[in-house]
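The values are calculated or read from the model by the stated rules, or taken from the named source; none is laboratory data. For clarity, every value in this text was computed on a predicted model and none was experimentally measured. Note: ideal-geometry Cβ built from the backbone for every residue, glycine included; neighbour counts use all protein chains shown.
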Number of protein chains: 2
Amino acid sequence: MKHIETTQFGTHYILDGYGANPEILKDTTSLKAMLTTLVTEMHMHAISDTIVVEVGEKNTKDPGGVSGFVMIAESHISFHTFPKRGFVTIDVYTCQNDLDTDTLTQKFTENFSLKDIDVQVIKRGTKYPTENLY
Amino acid sequence: MKHIETTQFGTHYILDGYGANPEILKDTTSLKAMLTTLVTEMHMHAISDTIVVEVGEKNTKDPGGVSGFVMIAESHISFHTFPKRGFVTIDVYTCQNDLDTDTLTQKFTENFSLKDIDVQVIKRGTKYPTENLY
């Protein structure tokens, strides 16, 4: 098998936020606008509609909230909010290895009025071939 | 501030797969069926349509492929394929903390004929409140 040159495919930014403003977390119209604005501000390119749906209560662990998603040429952005718990969980996955994660953290913290956050930045596809194989 | 009991919100399964069969990676119809079947087999519940779109070549790093997404009551599943590189990158994010990650790995490895994989399983929302705050 011939040697394949590889590189890192992308960066996956993960934020779990606590103590959020519940009014923000349940406002589907504002959440949709926030997601659309974020795509533009981060110089990404949407390739699907921005989908934002209300999700009903499921059980004692999951009292419902709002889920959002947009597919971008660079990969995807998603969030799930739980207004009754003040919790929001966010993914920004992009093939931009120079993703400005500090700006993302600042924007999300401000937009959701978060009191506490856990951020993880994960390397994705570390053995991605630099050239076409097929 | 009163003490808040917390628990782990969910589990995020990440698979980056290499050496995949390029014919599988470009077959939008089969990919859509695979995603729909997976939701059922993993006892998840779709709350959006399964979206599968072809994505054109963007630059030398990204020669295009197919992206798929479905929002589930339990969170979301997404994939992005790059047939010319034999690469697929998958996320399964669920509030089921007992997610059967071994079964997922087996299914994805078989379905895409993967030769090499990197799997990461990430704890999400480790400070998720067990009860409603609002």
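Looking only at residues in segment A:15-48 that are at pLDDT below 95, outside any helix (DSSP H, G or I) and more than 9 Å from chain B (Cβ to nearest Cβ), which one is surrounded by the most Cβ atoms within 10 Å (Cβ to Cβ)?
Top of the filtered list is A:Met44.
Quick check, is A:Phe69 out of contact with any His (no Cβ under 8 Å at 6 or more places or on another chain) and on the phi < 0 side of the Ramachandran plot?
Numbers: out of contact with any His (no Cβ under 8 Å at 6 or more places or on another chain): no; on the phi < 0 side of the Ramachandran plot: yes.
Considered against the rule, which asks whether it is out of contact with any His (no Cβ under 8 Å at 6 or more places or on another chain) and on the phi < 0 side of the Ramachandran plot, A:Phe69 comes out as no.
Pick from segment A:55-87 the residues that are of a type in the set (Asp, Glu) and more than 7 Å from chain B (Cβ to nearest Cβ): which of them is surrounded by the most Cβ atoms within 10 Å (Cβ to Cβ)? Can you show your working first?
At the first step, the residues of segment A:55-87 found to be of a type in the set (Asp, Glu) are A:57, A:62, A:74.
Going one step further and asking which of them are more than 7 Å from chain B (Cβ to nearest Cβ), we end up with A:57, A:74.
Working: A:Glu57: 10, A:Glu74: 24.
Selected residue: A:Glu74.
Determine which single condition A:Thr11 fails, assuming it passes every other condition in (1) outside any helix (DSSP H, G or I); (2) of a type outside the set (A, V, I, L, M); (3) surrounded by fewer than 20 Cβ atoms within 10 Å (Cβ to Cβ).
(3)
Filter segment B:108-126 down to the residues that are more than 10 Å from every other protein chain (Cβ to nearest Cβ) and under 12 Å from the mean Cα position of the chain (by Cα) and list them by number.
B:Phe108, B:Val119, B:Val121
For segment A:49-96, give me the residue count where each residue is outside any strand (DSSP E or B), closer than 18 Å to B:Ile51 by Cα and in contact (Cβ under 8 Å) with a residue 60 or more places away in the chain. Can you show your working first?
Kept after step one, since they are outside any strand (DSSP E or B), are these residues of segment A:49-96: A:49-50, A:56-64, A:73-74, A:83-86, A:95-96.
Going one step further and asking which of them are closer than 18 Å to B:Ile51 by Cα, we end up with A:49-50, A:73-74.
Subset that is in contact (Cβ under 8 Å) with a residue 60 or more places away in the chain: A:74.
Residues flagged as outside any strand (DSSP E or B), closer than 18 Å to B:Ile51 by Cα and in contact (Cβ under 8 Å) with a residue 60 or more places away in the chain within segment A:49-96 amount to 1.
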